[in-house]
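The values are calculated or read from the model by the stated rules, or taken from the named source; none is laboratory data. Predicted model only: the values in this text are computed from it and were never measured. Virtual Cβ from ideal backbone geometry, glycine too; neighbours counted across all protein chains shown.
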Amino acid sequence: MTPRVSDDRAENLEPDPALIGVATRLRISIGAFRRRSHEALSEGDLTGPQLTALSRLERLGAVTTAELARREQITPQAMGATVAVLQGRGLVARAADPADGRRQLLTVTEAGRTVLSSERSVVAETMAAAMATSFTAEEIATLDTAAPLIERLADLF
């Protein structure tokens, strides 16, 4: 995958070893965080990949299965199977693209939004309890400051 860089950084494409270390630590810790947050979910009837796809679709808005697969870095066939389950449960709707009737766009239904809201509440409450007992006020402030940066980093992929 080719890294996306702004024009002012395009001259220096050699990765800094310190940045590689930060990236590696973030990848490992975010992966562990994702696994543990999925374990905290109350519904339990959707898999991690299904919840991830549903959440990504909500953030992206109306997109094709192929675009959703590309964003999740999985094959369109694998995403098609995931979407089929979500659609079968009424969490995702499929409709013709108004600009190109040959394309099918996916959107999250109200039922899908309800599931996401419920799941996010459970994870947020679990995280808040863990932070309250394990972090100082300064550490919580650091996490709060870092959150938008991590979100921006995720959007670069």
Item checked: Residue in region 60-76 that is without any contact (Cβ under 8 Å) to a residue 12 or more places away in the chain, closer than 15 Å to LEU105 by Cβ and under 11 Å from the mean Cα position of the chain (by Cα) present -> yes
Check: For region 14-58, how many residues are assigned to a loop (DSSP other than H, G, I, E, B), surrounded by 10 or more Cβ atoms within 10 Å (Cβ to Cβ) and small (Gly, Ala, Ser)?
Finding: 2
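For every residue, the table says whether it meets (1) of a type outside the set (Val, Ile, Thr); (2) modelled with pLDDT of 90 or more.
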{"position": "GLN73", "(1), (2)": "yes, yes"}
{"position": "THR82", "(1), (2)": "no, yes"}
{"position": "ALA95", "(1), (2)": "yes, yes"}
{"position": "THR109", "(1), (2)": "no, yes"}
{"position": "VAL123", "(1), (2)": "no, no"}
{"position": "THR133", "(1), (2)": "no, yes"}
{"position": "THR136", "(1), (2)": "no, yes"}
{"position": "LEU143", "(1), (2)": "yes, yes"}
{"position": "ALA154", "(1), (2)": "yes, no"}
Next item on the list: Within region 105-140, track down each residue that is polar (S, T, N, Q) and either surrounded by 14 or more Cβ atoms within 10 Å (Cβ to Cβ) or assigned to a helix (DSSP H, G or I) (or both).
Entry: THR107, THR109, THR114, SER117, SER118, SER121, THR126, THR133, SER134
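Kindly indicate which of ALA23, ALA40 is modelled with pLDDT under 95 and closer than 19 Å to LEU153 by Cβ.
Numbers: ALA40 fails: closer than 19 Å to LEU153 by Cβ.
Criteria check complete, one pass: ALA23.
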